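Student: Below are the structure tokens for one structure; questions will follow.
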Amino acid sequence: MRLEGTIFKAGEVPKRLFKIVSGTVRETRKKTYHDLTNGDFVALVEYLLQIPVEEDVIALEETELVEVNWEDEFLNILDKVYSLREIISQTSVDVENIVLDDFQFEEVNLDEYLDQIEALLTLSAGELPDDKDEAVKLIESLEEDKLITKVNLVKKFVEKFPSEEIGAKMLIETAAKVYIVLGDKYIAKALLKKVLFLFSNSPSYCLEAVKTLESIYREEGNIMWRKYRKIAKVLEARLRGNY
């Protein structure tokens, strides 16, 4: 569709996801505006979090929009969320608390949840060494009876060494152990979804995370496994060079 002017009014919760084909759209958060152009998604964060936009979202010129499906735009959505982290961190939206859950984004305080569990188990995660290799050795040396401590240290590792892809590997392996040993689907899913956010430019790790998510949802009888299977096929096509 083509339009000029207001797309979403202040206080409105976006119910449809639009992608810009041509033109310019302006979003405003905390009185700071950000202009979107070709390939960008309109009010993406507000749509994913299902929260109201702060100010009118406006097409500054005649703009062509197309309504899209999240399944078809999975990779692009991840890339956009990742690239917008710095911009959104300066606004009222708390990106660090966003968790990809059933492909609806919701605010979940995973850190507080893990801290409470760790306190109950009287385990102390402590601090990671500044050296990456030493940090990896520390994490890998932990026994299974300190699995929650390992979860906390893996989380700290990806925060401290965000560019190290071994972080994605540890997130996936730790999620699998949490699910198998503790049977905690919540932590397992949250760790796997961190892979999708933090390592969206590593399709091989994203594929492994998505396949594990598919397996978890399938085992618990949640029909969401079908959607993750579809996403896995998209990632597999991208890795083959057919996407």
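Student: Somewhere in the stretch 42-50, is a residue assigned to a loop (DSSP other than H, G, I, E, B) and under 29 Å from residue 206 (Cβ atoms)?
Tutor: So the first thing to find is which residues in the stretch 42-50 are assigned to a loop (DSSP other than H, G, I, E, B), and the list is 43, 50.
From the residues that got through so far, the ones that are under 29 Å from residue 206 (Cβ atoms) too are 43, 50.
Yes, the stretch 42-50 contains at least one residue that is assigned to a loop (DSSP other than H, G, I, E, B) and under 29 Å from residue 206 (Cβ atoms).
Student: Residue 154 fails exactly one of the following numbered conditions: (1) outside any helix (DSSP H, G or I); (2) modelled with pLDDT of 85 or more. What is the number of that condition?
Tutor: It fails just one condition, (1).
Student: Follow-up question, since we're still on this one. Of all the residues that make up the stretch 199-215, how many are in contact with a helix residue (DSSP H, G or I) (Cβ under 6 Å, 6 or more places away or on another chain) and either in a helix (DSSP H, G or I) or open to solvent by 20 Å² or more (accessible area, probe 1.4 Å) (or both)?
Tutor: Number of matching residues: 11.
So that you can scan it fast, the table gives a plain yes or no per residue for (1) at pLDDT 65 or above; (2) crowded, with 18+ Cβ neighbours inside 10 Å; (3) outside the structural domain of residue 161 (by the TED database):
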site	(1), (2), (3)
25	yes, yes, yes
32	yes, no, yes
38	yes, no, yes
46	yes, yes, yes
49	yes, yes, yes
63	yes, yes, yes
87	no, no, yes
98	no, yes, yes
103	no, no, yes
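Student: If you go through the stretch 183-190 one residue at a time, do you hit one that is over 28 Å from residue 128 (Cα atoms) and either surrounded by fewer than 19 Cβ atoms within 10 Å (Cβ to Cβ) or in contact with a Pro (Cβ under 6 Å, 6 or more places away or on another chain) (or both)?
Tutor: No, because not a single residue in the stretch 183-190 is over 28 Å from residue 128 (Cα atoms) and either surrounded by fewer than 19 Cβ atoms within 10 Å (Cβ to Cβ) or in contact with a Pro (Cβ under 6 Å, 6 or more places away or on another chain) (or both).
Student: Evaluate the following for residue 218: is it in contact with a Phe, Trp or Tyr (Cβ under 7 Å, 6 or more places away or on another chain) and either crowded, with 19+ Cβ neighbours inside 10 Å or without any contact (Cβ under 8 Å) to a residue 60 or more places away in the chain (or both)?
Tutor: On the way: in contact with a Phe, Trp or Tyr (Cβ under 7 Å, 6 or more places away or on another chain): yes; either crowded, with 19+ Cβ neighbours inside 10 Å or without any contact (Cβ under 8 Å) to a residue 60 or more places away in the chain (or both): yes.
Judged against the criteria, residue 218 is a match.
Student: Considering only the stretch 129-170, how many residues are touching a residue at least 40 places away in the same chain (Cβ under 8 Å) and open to solvent by 60 Å² or more (accessible area, probe 1.4 Å)?
Tutor: Of the residues in the stretch 129-170, the ones touching a residue at least 40 places away in the same chain (Cβ under 8 Å) are 151, 155, 158, 165, 168.
Still in the list and also open to solvent by 60 Å² or more (accessible area, probe 1.4 Å): 165.
Residues flagged as touching a residue at least 40 places away in the same chain (Cβ under 8 Å) and open to solvent by 60 Å² or more (accessible area, probe 1.4 Å) within the stretch 129-170 amount to 1.
The values are calculated or read from the model by the stated rules, or taken from the named source; none is laboratory data. Bear in mind the structure is a predicted one, so any value in this text is a computation, not a measurement. Don't worry about glycine lacking a Cβ; one is built from the backbone with ideal geometry, like all the others, and counts go over all protein chains shown. Accessible surface areas use protein heavy atoms only, side chains included; no ligands, DNA or RNA. Shrake-Rupley method; radii C 1.70, N 1.55, O 1.52, S 1.80 Å.
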